[in-house]
Amino acid sequence: NGYAVFQVEAIDILLQSPVFALTFDVGHNHCISGNDEKIIIERKNRLFHLHLHDAQDKNDHMTLGTGNVNVEKYIELAKKHNCTVVLETKTVEALKKSVEWLNNNWSKLNA
């Protein structure tokens, strides 16, 4: 359902240290109706990494382009904050298809 109050408090305590940063799991956020996104964006100066996969309703870890996550939005977020990104898939085939989707859409993503 998203971060509980005590988890947000813990995140803020940890982020006081320069050795901690944030990872944003885009697909999981989508599956919980975007409930984590506000917390992450409010701390975007500490966002360093994204787990990127597509999702639809409560189904996540889908191949890019097969769900309804606004992948372009999150790639732009990663670029803006110089984040690393991992394509989070469950199978080699899904990873290959996600890379293919990125290759086919890269020029649109960089417009």
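The values are calculated or read from the model by the stated rules, or taken from the named source; none is laboratory data. Small disclaimer: the values here were computed from a predicted structure and weren't measured. Side chains included, ligands, DNA and RNA excluded: accessible areas come from the protein's heavy atoms. Shrake-Rupley method; radii C 1.70, N 1.55, O 1.52, S 1.80 Å.
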remark   = Ignoring ligands and nucleic acids, D60 exposes an accessible area, probe 1.4 Å, in Å² to the nearest 10, of 40 Å²
remark   = The pairs in K44/K90; K44/K97; K58/K108; K58/K90; K38/K90; K38/K97 lying past 25 Å Cα-Cα in this model are K44/K90; K44/K97; K58/K108; K38/K90; K38/K97
Antiparallel %, DSSP beta bridges [both residues in the chain], to 5 = 20 percent
request  = Report in % the part of the accessible area of the chain that belongs to carbon and sulfur, leaving out ligands and nucleic acids; probe 1.4 Å.
outcome  = 54 percent
remark   = Taking Cα pairs closer than 8 Å and at least 6 residues apart, the relative contact order of the chain in percent is 22 percent
key: Mean ellipticity per residue at 222 nm, deg cm²/dmol - from DSSP H runs of n ≥ 4 across the chain, formula -39500 (n - 2.57)   = -13000 deg cm²/dmol
request  = Note the listed values [x] 41, 28, 23; [y] 55, 30, 20; [z] 58, 43, 18, then indicate which one is Cα extents along the principal axes in Å calculated from this particular structure.
outcome  = [x]
List K44, K90, ordered by accessible area with a 1.4 Å probe, largest first = K90, K44
ask   = Rounded to the nearest whole Å², what accessible area per residue is found for segment 1-41 with the 1.4 Å probe?
value = 60 Å²
